[in-house]
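The values are calculated or read from the model by the stated rules, or taken from the named source; none is laboratory data. None of the values given here were measured: they were computed from a predicted structure. In this analysis, Cβ positions are derived from the backbone assuming ideal geometry, glycine residues included, and neighbour counts consider all displayed protein chains. With ligands, DNA and RNA removed, areas are computed over all heavy atoms of the protein, side chains included. Shrake-Rupley method; radii C 1.70, N 1.55, O 1.52, S 1.80 Å.
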Amino acid sequence: MVDEQKAGLFDRFMKWLDDRLGIYGHTLRPAPRYAYSIDYWLGGLVLSAFILEVITGALVALYYTPSDPYTSTTYLISKIPYGALLFSLHSWGAYAMVFLLLVHMTRNFFVGAYRQPREIMWVVGAGLAGLTLTEAYLGYSLPYNLISWVATTTGLNLFSYMPFNLGYLISLFTVVNPDQPGIMSGVDPLVQRFFVFHWIVGGLILALIGLHLYIFEKHGITPPVSQVKPGYPELIDEYQDKIRSDPKWELQPLMRSIGMVIMIFLLTFGAIFLIAGAIPFNITITGGTPKYIMPAFNPVEAAQTPPVPDWYFLFIYFFYKAVSPTNASLIFLGWVVVTVLFPFIEEYIFRHKAPHPALRPASIAIGSGFIVSFIVNSVWAALTPGRDIGPIGAEVDGIIFLVCFAVIWPLLRYVAQPRVLVKWQSSPLTDGGVVIEYKERRILSGLAVLLINVSILGGLIYSLYEVFSLSSNPMINQFLIGQFLGTSLILFSISIFINVVMGIGKSQDI
């Protein structure tokens, strides 16, 4: 205690940082039994989508020419074998990554996975979200079609109103001399720069993913919110008695985690393949040839085309349709600041003491307001392309937050919270190291598991047979091939989940 008091500000800061980042190293952690649920592995889904984006993006880049972006895009889709499927995979994969990231962050918010000592992991995750949206914005512009480039240039004009000289900083990166050599006549020279930025931002995402995983391994998986009482630690290392005595907390072999990782990757890849094959992204088949249905950008038609950003930017677009660009920029920056710093807002302003949602009424109320307003703003902006909404938009957002606080906060504080506390008092969470007795049973008989595996194997063989039989004419059959490959990957992931992750058919603890 005396040593801590004598320690200087820098030493105390370094200790604080070490407690959160593990400066002196860490090891790969086995996961407890309770963690083998899909909600604990949503981050793996995001990582899988990112890896697929890197692979497909590298292949698309082989045929992409920034000096003539639209022509090179249509060439890839119409002339290159499997090029249309590749373009569809990359486009749907971007949507999947953004969607899964939003789901992942929403889940972690509600279970309080950002609380001490995971604050910096949340900040890094928020940075990843910002970079992912930036990457999607850049990628959306690269085909240089009419809709995407109108939305891109409109977005740049709106961001020029950013305060604190942020608009000027953005202009330094986005204002290009139109006489720059190597740019095709009639093509905005900014495309070349966006193509470079697309890869730079991808590299930054990869670096932050590494840091995010590092911190995650340092702290381990979060305990179930129902097991953490006020004042109790939120690290599984502090629950050794439960790890030794409670079967739900028993640390599992790393092979089970590896199986879960492989299953997650195959499932994500398979789902994106299936969607990309079943719903080609802005592509139609005409006369046996895939064709890009989006028109090329040209200044004449652009003047008559209302700007419509992609779905993940509609909530930002809404602000600029509702209030002045300067005020919209301030609202957007405020949204970002609150999101990034929310762990510290909860710890030092709301002073919530446990991760259970019932014990975090203010956080859950404000988070629900964010989510509801995000959905309302996005739908409203999509239904009013090119039209101002007026101040009623900001007023509706204010009403949403007020209603969320008026309804959610008292329900959690005065209805749910007392019940949770009473339940904890009647059922102590610590067991004093006494081993809990439990029974063992087979979830499925060996015959049932055998039949399931035979069915999966049959589906795999049939899907792969169809892939090989259709590959003789890839230009026509590439989307069917994508569907069968997606089906194969999904079936394979189910097989790994049954046999490796869950070990169904073997004795299971209950």
Query raised in the report: How big is the accessible area of MET502 in square angstrom, nearest 10, if you roll a 1.4 angstrom probe over the protein chains?
Result: 50 Å²
Query - Where VAL123, VAL228 fall by accessible area, highest first, once all protein chains stay in place (1.4 Å) - result: VAL123, VAL228
Report task. Please report, largest first and rounded to whole Å, the three semi-axes of the ellipsoid equivalent to region 16-121, where each semi-axis is the square root of five times an eigenvalue of the C-alpha gyration tensor. Result -> 38, 16, 13
Report task. Calculate what fraction, in whole %, of the accessible area of the chain sits on carbon and sulfur atoms when a 1.4 Å probe is rolled over the protein chains. Result -> 69 percent
Report summary line: With the 1.4 Å probe rolled over protein heavy atoms, region 186-275 has an accessible area per residue in Å² of 44 Å²
Query - Cα centre as origin, Lys/Arg/Asp/Glu Cβ charges: the chain dipole, Debye - result: 980 debye
Query raised in the report: Roughly how many Å² of ASP188 are accessible to a 1.4 Å probe, to the nearest 10?
Result: 50 Å²
Query - Per residue, in Å², the accessible surface of region 298-432 once ligands and nucleic acids are set aside, probe 1.4 Å - result: 51 Å²
Query - Within the chain, helix-based [θ] at 222 nm, where runs of 4 or more DSSP H residues each add -39,500 (n - 2.57), nearest 500 - result: -20500 deg cm²/dmol
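Mind pulling the per residue volume of the convex hull built on the Cα atoms of region 94-151? Å³ is fine.
Numbers: hull volume 4.1 nm³, N = 58.
So the per-residue Cα hull volume is 70 Å³.
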Report summary line: In the list [x] 1.52; [y] 0.95; [z] 1.10, the entry giving Cα Rg over 2.2 N^0.38 Å computed from the coordinates is [z]
Query raised in the report: How much accessible surface area, in Å² rounded to 10, belongs to the heavy atoms of TYR348 with a 1.4 Å probe?
Result: 120 Å²
Report summary line: Of the DSSP H helices in the chain, the ones reaching 24 Å or more along their long axis in Cα terms and averaging at least 0.0 in Kyte-Doolittle hydropathy are 42-61, 83-110, 119-141, 190-219, 254-278, 361-383, 392-410, 446-470, 474-496
Report summary line: Of VAL308, VAL98, ordered by accessible area with the largest first and a 1.4 Å probe, the sequence is VAL308, VAL98
Query - Nearest-0.05 FRET efficiency for PHE13 and ASN298, computed from C-beta distance (R0 51 Å) - result: 0.35
Report task. Express the Stokes-Einstein translational diffusion coefficient of region 238-360 in µm² s⁻¹, to the nearest whole number, given a Kirkwood radius over alpha-carbon pairs, 25 °C and a viscosity of 0.890 mPa s. Result -> 115 µm²/s
Report task. Provide ARG20, ARG33 ordered by accessible surface of protein heavy atoms (probe 1.4 Å), highest first. Result -> ARG33, ARG20
Requested in this report: With r as the distance between the Cβ atoms of LEU447 and ALA207 and R0 = 41 Å, compute the FRET efficiency 1/(1 + (r/R0)^6) and round to 0.05.
Outcome: 0.25
Report summary line: In nanometres, the difference between 0.36 nm per residue of separation and the alpha-carbon distance of TYR214 and ARG351 is 46.6 nm
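Filter the cross-link list LYS15/LYS423; LYS15/LYS248; LYS242/LYS353; LYS15/LYS242 down to pairs whose alpha-carbon distance in this structure exceeds 25 Å. Provide the component values of the computation, followed by the final result.
On the way: LYS15/LYS423 36 Å; LYS15/LYS248 33 Å; LYS242/LYS353 21 Å; LYS15/LYS242 28 Å.
Beyond 25 Å between Cα atoms: LYS15/LYS423; LYS15/LYS248; LYS15/LYS242.
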